[in-house]
């Protein structure tokens with residue numbers, strides 16, 4: 001396997017009242033994603049979707065990433081491989097959040113439920129497509145339901 | 001907005017019978033994700049999940065990315081902003097696929113339904129968590145159901 005760099009640049013930035021990472025409830029949190037102005041036309045028709053997927057750079061993650069972590073930082077959860085968790089401290093710190101799209105104004109998306117802090121660089125915006133992004137009857141271990 | 005580079009390196013590679021991109025059915029396709037050997041411990045406990053999310057570099061995408069595209073390459077679908085589609089040709093070409101995890105052997109994941117071609121660099125593996133990654137009653141325009 002090569003160690004060749006794969007480079008991206010931010011397409012936008014998160015504006016949120018949430019200023020630092022925490023294991024906290026954020027499902028009601030309303031924030032904004034400010035897309036670079038020149039990319040505003042790339043958002044056209046996104047308001048036809050109720051939900052979007054946001055990929056973002058977890059720019060405050062700890063480096064180097066640990067190989068194993070306690071899910072949600074809770075020692076009761078046992079030590080798991082980091083790929084078996086949603087820990088922000090992972091080899092490539094890319095966050096993936098599915099959020100409700102409340103409004104689009106030009107290059108600004110108002111969303112609900114985004115667990116990325118203020119100032120987070122955004123990598124991609126995708127529409128959430130039921131049936132493609134969702135799985136019926138998927139199973140997961142008990143810690144994910146705590 | 002800064003143009004600062006955000007750099008990642010592949011954590012693995014896709015091994016698939018699918019050798020080039022196409023608008024084709026792949027839901028039954030079985031392929032392998034070969035994770036870099038030194039990262040094998042980071043997969044521990046992933047077999048407790050029925051499905052995983054794969055983030056990958058769409059390394060064969062066209063540059064520069066267009067601002068608008070016809071979803072699924074079909075002119076009947078009209079021109080949409082690229083962020084309102086799942087086109088591989090997007091500002092940061094990162095693919096996101098949810099696939100069934102059939103088996104884990106050491107550093108190799110056998111999966112079903114991965115729409116990434118042979119040789120694709122893998123950026124991240126995440127467990128699919130029902131309720132976090134899925135949305136009930138999400139809505140999307142008709143072209144997504146064609």
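So which residue, out of A:107, A:74, A:36, gets the largest mean-square fluctuation from a GNM of chain A using Cα contacts under 10 Å as springs?
A:74
Say we join alpha carbon atoms closer than 10 Å with springs in a Gaussian network model of chain B; which of B:99, B:111, B:82 then has the biggest fluctuation?
Ranking B:99, B:111, B:82 by mean-square fluctuation puts B:82 first.
Starting from the Cα gyration tensor of region A:66-105, take the square roots of the eigenvalues, sort them a ≥ b ≥ c, and report rounded, prolate or oblate (rounded when a/c is under 1.5, otherwise prolate if a/b is larger than b/c, else oblate). Write out the running numbers ahead of the final one.
Values: a/c = 4.35, a/b = 2.25, b/c = 1.93.
Verdict is prolate for region A:66-105.
Would you mind computing, in nm to one decimal, how far apart the modelled labels at residue A:37 and residue B:59 are, each placed 7 Å from Cα along Cα→Cβ?
3.7 nm
Tell me the distances, shortest first, between residue A:73 and the same position across the other copies, using label points 7 Å along Cα→Cβ, in nm to one decimal.
4.6
Between residue B:21 and the same site in the other copies, what are the distances in nm, shortest first, taking label points 7 Å from Cα along the C-beta direction?
Inter-copy label distances (nm, one decimal, shortest first): 3.1.
How fast does region A:7-146 diffuse by Stokes-Einstein, in µm²/s, taking the Kirkwood radius from C-alpha pairs at 4 °C and 1.567 mPa s?
Approximately 80 µm²/s, per Stokes-Einstein.
What is the Rg over Rh value, at two decimals, for region A:3-73, using alpha-carbon atoms and the Kirkwood definition of Rh?
Rg/Rh for region A:3-73 comes to 1.01.
Per 10 Å bin from zero, what fraction in whole % of the C-alpha pairs of the protein assembly as shown is there, up to the bin with the longest pair?
6, 29, 39, 23, 3, 0
Take chain B, connect every pair of alpha-carbon atoms lying under 10 Å apart with a spring to form a Gaussian network, then pick out the residue of B:84, B:116, B:22 with the largest mean-square fluctuation.
In the Gaussian network model the winner is B:84.
With an 8 Å cut-off on Cα pairs and a minimum separation of 6 or more residues, tell me the relative contact order of chain B in percent.
37 percent
Each value in this text was obtained by applying a stated rule to the coordinates, not by laboratory testing. The model shown is predicted, which means the values in this text are computed figures rather than measured ones. Note that we place each Cβ from the backbone using ideal geometry, even for glycine, and neighbour counts take in every protein chain shown.
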